[in-house]
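Structure first, commentary second.
Where a number appears in this text, it was derived from the coordinates with a stated rule and is not lab data. Since this is a predicted model, take the numbers as computed values, not measurements. No Cβ is skipped: glycine too gets one built from the backbone with ideal geometry, and neighbour counts run over all protein chains shown.
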Amino acid sequence: MTSLLKRISGHAGRIVLALVFALPLLFMLVSSLKTDDQIFGDLGSPRAFLPVGALSLDNYTAMFDRVPAARFLLNSVLISSITVVLGVIINSLAAFALSRMQWPGRRLVLTTVIATLIVPFETFALPLVWWVNQLPLLRVNGFHLEWTTGWMDTYQVQILPFAANAFSIFFFHQFFQSIPKELDEAAIMDGAGWFTIYRRIVMPLSGPAVATVAILTFLPAWNSYLWPLMVVQSEELRPVMVGISYFFQLNVGWGQIMAYSSMITVPILALFVAFQRSFVNSIASTGVKG
Amino acid sequence: MTTNTAAPERLRPVRRTRTNNARRRESLTALGMATPAVVLLIVFLVVPVALAFALAFTDARLISPTPARFVGLRNFTQLFEDPVFYKSLRNTVYFAVVVVPLQAGLALVLALLVNAKVRGVNFFRTVYFLPVVTSMVVVSLLWTFLYREDGLVNRVISTLTLGHVQGPDWLGDPATAMPAIILMSVWQGVGFHMIIWLAGLQTIPAELYEAAELDGATPWHRFRHVTWPGLRATRTFVLVTITIAAFSLFTQIRVMTQGGPLDSTTTVVFQAVRTGYDQQQTAYAAAISLVFFLLVLTVSLIQRFLTREKD
C-alpha cells in the first residue's frame, strides 16, 4: 500500500515538474502562431498553452520581412559548424600528440592546458576585445590586398578564439588513453607514420569522444551572445542571438519575437531530442571526469 | 660493470642513432600536431589573461590614437571609490549565494526523481533538460514577457489564489527584480546539473543499497549513509561549476533589466561590459575583470578546500 502510494506521489511530482519546465517553452511555440491580441487574450486561461484560435504563420513571414533573419541564421550555421569542425580536428590532433607520443615538453603543455580549464571566459573577454582589435588582418580592397589591423567585424573573430579548447583537448586526451598503445606499436611495425595512426586507427575508434566534443562545441557556439555582441557591428555578420537585439530597436509585436525565438530554438531542440542519448552522455561525462 | 658489457657497448652507437632518428621524428611530428591548438590557446587565452593584468595598470581605450600609458593603481582607486562597483559586487554575491544551494539542491531532487526504475523516466529527463539546450538569450526574452505586470506569471498567481493576490511588476521593482532573475536562471540551468548528479548516482554500487536494505535502513538513512557519501566527487564538481557560472551572470541582465531598476541587478560582468565595451574604457574594464578573476579564483579554491576537508 505505502509503496504504491509512494510511487503515485513520485509520479505526480515528476509530472508537475515536467509542466514547470515544458510550459514556458510550449507557450513560446504556441504564441508564435497567434496574433498579439490573441496572445494577450489567452493569457488568463489554459488556452495560453494550446494551439487554438486563428493560427497562422503570419508572424514568421512578417518577421522575415522586417528582419534579415535568413542572413542571421546562415551566419550562425556557418560559424557554429566551422567552429565544430576546426575544434574536433585541432583539439584531437593536440590530444593525440599529448597522450600517445613522446616528446620533450609534453608534461608542461598538458599541465598548462589543464590549468587553463578554471579560467572563465568572462574574466578575459574584455582584454580579448582590445587584443583582437590589434591583430593584423589582410583585407580585400577593390582589386588589391592590403594589410590593416583589427579583427572587429569579421567571421574569423567569431570562430578562431573558440577553435582550440582546453576542455576538448583534455577530453580527447582521456579518451585516447583508453585505446591500447599496442595498436600504435603494431602499426609502426607495419611502417605506418604517426599521422596515419591518428587518422586510420585512433580517430575511427573515437566516435563517442568526437560526438561529445562536437556537441559541447556546437551548443555554446550557437548560443553565444556576449562575444559577438562586442565584436560584431555590421548587420550582415550578426549571428542569431545578437540578431535578437534588432527587435529592441524596431518595437515589433510579441508574436514576431516569439516566432524568431522559436525559429532559433526549435532546430536545437529537435537535434537534442533526436540525439538525446549522446547529448546526455556527453554532459554526464563532463561531470564524472571533472 | 658486468663481464659481458663489451658486446652491447659496441652495438649501442648504431642502435642509438636509429632510435634517435625515430625519436626526433616523433618529437617533430608531435610538435606539428600540437602546434595549431597551442598557438591558438596562447593567442586567444594566455595573452588576453596576461593582458587583463597588464592593461589594468594603463589608460588603454578600445579605439585610441595614442598608445596606452602606464598609470599605476589609478584604475583600482577609481574602482574602489565607485558606488556602482559595490552594488555590482553585492548583487553578484547575492545571486551566487542563493543560486548555488537552490540549483544544486533542486538538481539533486530531480536526479533522485528520475533515477527511479519506472516507466517513462527517460521522457522526464528529456523534458527537464529542455531549457538547458535553449539559449539564455531566448529564455531571458521569453521570461521578460512572462514577468510583465499583466503577464503569464501574475495571471497564474491570480488564478491559483482565486484573485486574492496580485503579483508585482517583477522586473520593474528593485525588490523583486533579482529574485525573478534567480528563479528563471535556476529554471534554465537546473537540468544540466541534474544530469551530472544522475551520472554520480549511477556510479554508486547497487550492492550498497541492497546491504542497507537488509540492515533495515530507512530511505533517509540510505540517502544519508550511502547516497550522500557516494556523491562526494560529483558534489565538488557541481558546486564549483554552479558557483563560477553564477558569478559570471551577464546575459539575463543584459536582455532583461540592463542592470536596473536603480542598479538593483547590476553585476560585476555586466558592469565590466558596460564600461569596457559600451563606454570603450578598456583599462578600467580590465581592472574590473582582474578583481573578478581574483574573486572567482578565491571562492573556487575555498570551495575545493572545504569540500575536501569535510570528508
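All Cα-Cα separations within chain B were binned at 20 Å from zero, giving a P(r) of 23, 43, 25, 8, 1, 0, each value a whole percent of the pairs. The sum of -39500 (n - 2.57) across all DSSP H runs of n ≥ 4, divided by the residue count of chain A, sets its helix-only mean residue ellipticity at 222 nm to -20500 deg cm²/dmol. Ordering A:Asn141, A:Ser245, A:Ile264 by the projection of their Cα atoms onto the charge dipole of chain A, which places +1 on the Cβ of Lys and Arg and -1 on the Cβ of Asp and Glu, puts A:Ile264 at the extreme positive end. Two tests apply to each whole DSSP H helix in chain B, Cα reach of 18 Å or more along its axis and mean Kyte-Doolittle hydropathy of at least 1.0, and the ones passing both are B:83-114, B:121-133, B:177-201, B:232-247, B:282-309. Which is the longest run of chain B containing none of the trypsin sites (Lys or Arg not before Pro) found in DSSP loop states (not H, G, I, E, B) with at most 14 other C-beta atoms within 10 Å? By the stated rule (loop sites, at most 14 other Cβ atoms within 10 Å), B:120-309.
On the principal axes of its alpha carbon atoms, the range A:1-104 extends 68, 60, 15 Å, with the longest extent given first.
Taking chymotrypsin sites (Phe, Trp or Tyr not before Pro) across the range A:138-238, the ones in a DSSP loop with at most 16 further Cβ atoms lying within 10 angstrom of their Cβ are A:Phe143, A:Tyr155. With the gyration tensor restricted to C-alpha atoms of the protein assembly as shown, the semi-axes of the equivalent ellipsoid amount to 43, 34, 25 Å, longest first.
The largest-to-smallest principal axis extents of the Cα set in the range A:188-290 are 68, 31, 24 Å.
Considering the range A:170-220 at the alpha-carbon level, its Rg and Dmax are found to be 12.6, 42 Å.
Under a model in which nothing but the beta-carbon of Lys, Arg (+1) and Asp, Glu (-1) is charged, the range A:1-66 shows a dipole of about 580 debye around its Cα centre.
Legend: mean number of C-beta atoms from other chains within 10 angstrom of residue C-beta atoms, peptide A:269-279, equals 2.
Rounded to the nearest 20, the Cβ-based charge dipole of the protein assembly as shown about its Cα centre (Lys and Arg +1, Asp and Glu -1) stands at 2040 debye. Temperature 25 °C, viscosity 0.890 mPa s: under these conditions the Stokes-Einstein estimate for chain A, based on its Kirkwood radius over C-alpha pairs, is 108 µm² per second. Think of it as helices only: each DSSP H run of n ≥ 4 in chain B is worth -39500 (n - 2.57), and spread over all residues that comes to -22000 deg cm²/dmol at 222 nm. Across peptide A:252-258, the average count of Cβ atoms from other chains found within 10 Å of a residue's Cβ is 2.
Rounded to the nearest 20 debye, the dipole size of the range A:167-290 about its Cα centre is 220 debye, using +1 on the Cβ of Lys and Arg and -1 on the Cβ of Asp and Glu.
Legend: mean number of C-beta atoms from other chains within 10 angstrom of residue C-beta atoms, peptide A:17-29, equals 6.
Between the C-alpha center of the range A:213-243 and that of the range B:26-100 there is a gap of 21 Å. One way to sum up the overall shape of the range B:133-173 is the equivalent ellipsoid from its Cα gyration tensor, whose semi-axes run 23, 11, 6 Å, largest first. Considering only A:Leu86, B:Val93, B:Phe76, the residue lying farthest towards the positive end of the dipole of the protein assembly as shown is A:Leu86, judged by Cα position with unit charges set on Cβ.
Between the Cα long axis of helix A:2-31 and the first principal axis of chain A there is an angle of about 80°, rounded to the nearest 10. For the range A:161-204 versus the range B:164-228, the spacing of their alpha-carbon centroids is 39 Å. When a/c reaches 1.5 or more, the comparison of a/b and b/c decides; with that in mind, is the range B:264-306 rounded, prolate or oblate per its Cα gyration tensor? Oblate is the answer for the range B:264-306, as a/c is 1.5 or above yet b/c matches or exceeds a/b.
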